[in-house]
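**Q** Here's a structure for you.
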Amino acid sequence: MHKFGNKVLAVANVGLPLGAMALVGGPVHAFSAPAQGDLGYDIYDIVVNQGVKGPMGFVGGVAAFLFGVSRLFSNIMIGIPTIVAAVCLIKADSILQTFGMVI
């Protein structure tokens with residue numbers, strides 16, 4: 001009983017500073033796509049515009065989704081993460097823009 005109480009106390013001691021750090025956050029800026037001519041635009045164009053948002057990303061997302069659905073009934077531990085990853089791949093451009101980055 002004494003060990004269990006110490007573990008709960010240790011978790012509470014770690015949670016208090018983490019909660020205080022969450023209250024004292026810095027400014028967060030959302031990621032925006034680089035404009036044509038900016039540094040890294042060519043790489044962004046190839047990877048995001050032509051890959052993820054293009055036909056290859058869509059076909060990959062649909063294929064992963066179908067694979068996840070086919071594995072859902074036989075092995076749920078593979079099916080659910082695969083479906084989640086497929087949805088993230090299909091909606092990757094809008095998910096990327098909602099992430100905040102400290103600049």
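Only the coordinates and a few stated rules stand behind these numbers; no lab work does. What you see is a predicted model, and the numbers here were worked out from it, not measured in a lab. Here the Cβ positions follow ideal geometry from the backbone for every residue, glycine too, while neighbour counts run over all protein chains shown.
**Q** Which value does Rg/Rh take for the range 31-71 over its C-alpha atoms, Rh per Kirkwood?
**A** Rounded to two decimals, Rg over Rh is 1.20.
**Q** Between ALA63 and SER94, what is the label-point separation in nm under the 7 Å Cα-to-beta-carbon projection?
**A** 2.4
**Q** Expected output is a single nm value to one decimal: the length gained when fully extending between VAL84 and GLN50, i.e. 0.36 nm times separation in residues minus the C-alpha distance. What is it?
**A** Computed gain between VAL84 and GLN50 is 10.0 nm.
**Q** Mind running the shape call on the range 28-101? Use the C-alpha gyration tensor, a ≥ b ≥ c as the square roots of the eigenvalues: rounded below 1.5 for a/c, prolate if a/b tops b/c, oblate otherwise.
**A** oblate
**Q** Hey, another quick one. Would you mind calculating the gained length between SER74 and GLN36 on full extension (0.36 nm times residue separation, minus the Cα-Cα distance), in nm to one decimal?
**A** Net length gain for the segment: 9.0 nm.
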